[in-house]
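Participant: Before anything else, here's the structure in question.
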Amino acid sequence: MKHPFIIQHLIRILCILIITTSGTNAQEKLIAKANENFDQYAFIDAREIYLEVAKRGYSSADLLRKIADSYYYNADFENAVIWYERLVKKYEKQLDSEYLYRYAQCLKSIEKYDKSDKIMEKFNVLHGEYDKRAAFFRSTRYYLEFIEKQSGKFELKKIDINSPFSEHSPSFDPNGSLVFSSSRGGGIIYEWDKMPFLDLYTTRIEKGEIKDAPKLLKGDINTPVHESSVTFSKDGKTMYFTRNNYLNKKLGTDGMGTTLLKLYRATLIDNKWSNIEELPFNSNEYSIAHPTITSDGKKLYFSSDMPGSYGNSDIYEVFIHENGTFSTPKNLGDHINTEGRESFPYISKNGDLYFSSDGHVGLGGLDVFIAKGGNDIFSPPYNVGRPINSPYDDFSFIIDNDSSNGYFSSNRPEGKGSDDIYYFTQISPLDPKCGQYIEGLVIDQQTQKIIPNSEVILFNKNMKEINRSITDDKGSYIFYVACTEKFIVRAQQIGYIPNQILFETTMTKNKIIQQNIALAKSESYTKKIQKGVDLSKTLEIPNIYFDLDKFKIRKDAEIELQKIIVMLQKFPKLEIDIRSHTDSRANDEYNLKLSKKRANSTRNYLIKKGNIDPTRITKKGFGETQLINQCTNGVPCNKEQHEMNRRSEFIITNTEFNNFFQVFTNN
């Protein structure tokens, strides 16, 4: 996607950069000419001059940035990677972290995901402040697996609508036609990518089959500047569309002389579009683009970099009043928008929001995401997967819920032009399971101060690792987890004792569970390991408690049993005897049988989970014969007192550990 519709904010930043390379007057003149072209968005011309300067042996962070950016903004990711790599290697300490992010995105676009993840790790550490893109990366380390699970739900078909130029931004006309943007018309060449300016076309198309040759929209819509991205009212008499700041043959600019983007409204009169007016929340100082209207005609969504945006472009909504006026634009919030680019929104008939983003975790470039709609809120967005998404820019997704057919645009290399429109059929639903968030801080137990750069690990109920992340400089972590399941979240840091917390999610979608994890300072100590020692006391493990009348391993006990497994794995000759006890409730014979079952359950867990040789572990059930308090038959005791007697011990049985000293660290 080479057009500047969604990156005006980035360009505005780039326009104020001043090159600082040293050299002769000739080099300075070359660079001055290149900067002039760059500032006018003529990236191809500027690149040729910058490359000539670099070829002559001159280098600076700004020079390499602009060469890399010129490839990045024209979607030439392979060459962008080459120059971003040189930039990062030579000038990393001088760089804004945004360049690390662009470098990582370009690596994704050439499918070097492992290397991209390493750069994202640097982005996460060096950014210096909370960034949603970093947070999403930390909480979705296994994003490729997730995207793969979502993939295969669409079938694609190439259509004859495309040309060697650029076609994108398809939209359904209520009369059954498809309206789209194309640069096929020739005319003035746009300096950004050496392509003609975009106009709006219409064609009759059925299930991807072209019935009529594309024609320019009738009326006063198309002009010498860009037109793109349309949406129609339900009756087909009103159209909202994107155009450069141009009305009544007058070209508007911002304070820097840049022509940005605005939204316009047109009315269909005698089969021609006329009465064009710009929307009241437009501005000369920022861009507004890519409108989409709800099926009831009451809300309009669009993208913009207006003040208050989280990133380079955000998605907003406004209410359309019955008299045709509008409410104040409202940002959809940071669960939709990031510090990156969110653009090309589309509201389906059933109220779901589709949009493209390079801020949420994807395959590279812009990916298409869906946020399920309902009750005037949207769920957290998720990637729609392949084949809609690719390592390239994938955008302007639209779908007809009744037929499950739709269109989207992409600049993937197998296309006919620089951007192509693809037809698809959805063959299975995009309906992820209910999910919630667990988030919180890792803090010092004594001082209550945050502990940044701590490792936080998420386990399922079977102690299988699901995900892990490193806390940011604010000590925070976040994970997305399934509903109605049990999880264990564990935090650890050098110099502290690891701590873990068991929690259970509910049926409420997208609920946020707040859970701080406190870590106590660790200390080293030496303990004697010999025959007859109870490992649970050596390792300061709480008793392995069982529920009343049960012999199944509890989740809180499972965490502690992992410590026994570590000892057995660390010392392959160590042998133990598991001794299980019950409380005095129920009769003696029953309690003896129950204790044997508990000892057997504990032994089986250690063998299975730790892959331990069964000959190293013996077991015995004692029933209620070795109570550790006064709660014998007939003595009234509370629940906690009885629970103390329901325990397991782990006694070292082999003599090879006599008089052996081991240094333990609580960490």
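Participant: If you take the residues in segment 627-640 that are under 19 Å from residue 592 (Cα atoms) and not β-branched (Val, Ile, Thr), which one is surrounded by the fewest Cβ atoms within 10 Å (Cβ to Cβ)?
Facilitator: Across segment 627-640, the extreme among qualifying residues is 634.
Participant: Only one residue in 593, 609, 597 is at pLDDT below 90, assigned to a helix (DSSP H, G or I) and in contact with a Phe, Trp or Tyr (Cβ under 9 Å, 6 or more places away or on another chain). Which one?
Facilitator: Matching residue, one of 593, 609, 597: 597.
Participant: Does residue 232 count as in the same structural domain as residue 168 (by TED's automatic domain parsing) and closer than 25 Å to residue 409 by Cα?
Facilitator: Against the criterion (in the same structural domain as residue 168 (by TED's automatic domain parsing) and closer than 25 Å to residue 409 by Cα), residue 232 qualifies.
Participant: If you don't mind, another one. When residues of segment 95-116 are filtered for being buried (at least 24 other Cβ atoms within 10 Å of the Cβ) and among the hydrophobic types (A, V, I, L, M, F, W, C), how many remain?
Facilitator: 3
Participant: Could you tell me which numbered condition residue 274 fails, if it satisfies all but one of (1) assigned to a strand (DSSP E or B); (2) among the small types (Gly, Ala, Ser); (3) loosely packed, with under 13 Cβ neighbours inside 10 Å?
Facilitator: Evaluating residue 274 over (1) assigned to a strand (DSSP E or B); (2) among the small types (Gly, Ala, Ser); (3) loosely packed, with under 13 Cβ neighbours inside 10 Å leaves (3) as the failure.
Participant: Test residue 334 against the criterion of being more than 21 Å from the chain's Cα centre (by Cα) and surrounded by fewer than 22 Cβ atoms within 10 Å (Cβ to Cβ), and give yes or no.
Facilitator: For residue 334, the condition - more than 21 Å from the chain's Cα centre (by Cα) and surrounded by fewer than 22 Cβ atoms within 10 Å (Cβ to Cβ) - is not met.
Participant: Does residue 409 qualify as being hydroxyl-bearing (Ser, Thr, Tyr), assigned to a strand (DSSP E or B), in the same structural domain as residue 516 (by TED's automatic domain parsing) and touching a residue at least 12 places away in the same chain (Cβ under 8 Å)?
Facilitator: So residue 409 fails the test.
Participant: Right, residue 300: out of contact with any Ser or Thr (no Cβ under 7 Å at 6 or more places or on another chain) and hydrophobic (A, V, I, L, M, F, W, C) or not?
Facilitator: For residue 300, the condition - out of contact with any Ser or Thr (no Cβ under 7 Å at 6 or more places or on another chain) and hydrophobic (A, V, I, L, M, F, W, C) - is met.
Participant: In addition: Among the residues of segment 356-403, which ones are among the charged types (D, E, K, R) and without any contact (Cβ under 8 Å) to a residue 60 or more places away in the chain?
Facilitator: Answer for segment 356-403, where residues must be among the charged types (D, E, K, R) and without any contact (Cβ under 8 Å) to a residue 60 or more places away in the chain: 367, 372, 376, 394, 402.
Participant: Just wondering, is there one or more residues in segment 248-262 that are touching a residue at least 24 places away in the same chain (Cβ under 8 Å), under 19 Å from residue 323 (Cβ atoms) and either surrounded by fewer than 18 Cβ atoms within 10 Å (Cβ to Cβ) or of a type in the set (Lys, Arg) (or both)?
Facilitator: no
Participant: Kindly evaluate residue 444 against the criterion of being out of contact with any Cys (no Cβ under 6 Å at 6 or more places or on another chain), outside the structural domain of residue 471 (by TED's automatic domain parsing) and among the acidic types (Asp, Glu).
Facilitator: Values: out of contact with any Cys (no Cβ under 6 Å at 6 or more places or on another chain): yes; outside the structural domain of residue 471 (by TED's automatic domain parsing): no; among the acidic types (Asp, Glu): yes.
Spelling it out, it is not the case that residue 444 is out of contact with any Cys (no Cβ under 6 Å at 6 or more places or on another chain), outside the structural domain of residue 471 (by TED's automatic domain parsing) and among the acidic types (Asp, Glu).
Each row is one residue, and each column tells you yes or no for (1) modelled with pLDDT of 95 or more; (2) of a type in the set (Gly, Ala, Ser).
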site	(1), (2)
155	yes, no
159	no, no
162	no, no
169	yes, yes
183	no, yes
193	no, no
197	no, no
202	yes, no
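Participant: Among (1) at pLDDT 80 or above; (2) surrounded by 15 or more Cβ atoms within 10 Å (Cβ to Cβ); (3) small (Gly, Ala, Ser), there is one condition residue 520 misses while meeting the rest; what is its number?
Facilitator: (2)
For every residue, the table says whether it meets (1) assigned to a helix (DSSP H, G or I); (2) outside the structural domain of residue 106 (by TED's automatic domain parsing); (3) without any contact (Cβ under 8 Å) to a residue 24 or more places away in the chain.
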{"residue": "49", "(1), (2), (3)": "yes, no, yes"}
{"residue": "54", "(1), (2), (3)": "yes, no, yes"}
{"residue": "59", "(1), (2), (3)": "no, no, no"}
{"residue": "62", "(1), (2), (3)": "yes, no, no"}
{"residue": "69", "(1), (2), (3)": "yes, no, no"}
{"residue": "83", "(1), (2), (3)": "yes, no, yes"}
{"residue": "88", "(1), (2), (3)": "yes, no, no"}
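Participant: Can you tell me which residues in segment 413-431 are buried (at least 17 other Cβ atoms within 10 Å of the Cβ) and assigned to a loop (DSSP other than H, G, I, E, B)? Steps first, please.
Facilitator: The first filter runs over segment 413-431 and keeps only residues buried (at least 17 other Cβ atoms within 10 Å of the Cβ), leaving 415, 417-424, 426, 430.
Listed by number, the residues that qualify are 415, 417, 418, 430.
Participant: Looking only at segment 71-81, how many residues end up being of a type outside the set (Asp, Glu), out of contact with any Cys (no Cβ under 6 Å at 6 or more places or on another chain) and in a helix (DSSP H, G or I)?
Facilitator: 3
Participant: Next question, about the same structure. Residue 474 fails exactly one of the following numbered conditions: (1) among the charged types (D, E, K, R); (2) touching a helix residue (DSSP H, G or I) at 6+ places or on another chain (Cβ under 7 Å); (3) under 20 Å from residue 138 (Cα atoms). What is the number of that condition?
Facilitator: Failed condition: (2).
The values are calculated or read from the model by the stated rules, or taken from the named source; none is laboratory data. This is a predicted model, so every value here is computed, not measured. Neighbour counts run over all protein chains shown; Cβ positions are idealised from the backbone, glycine included.
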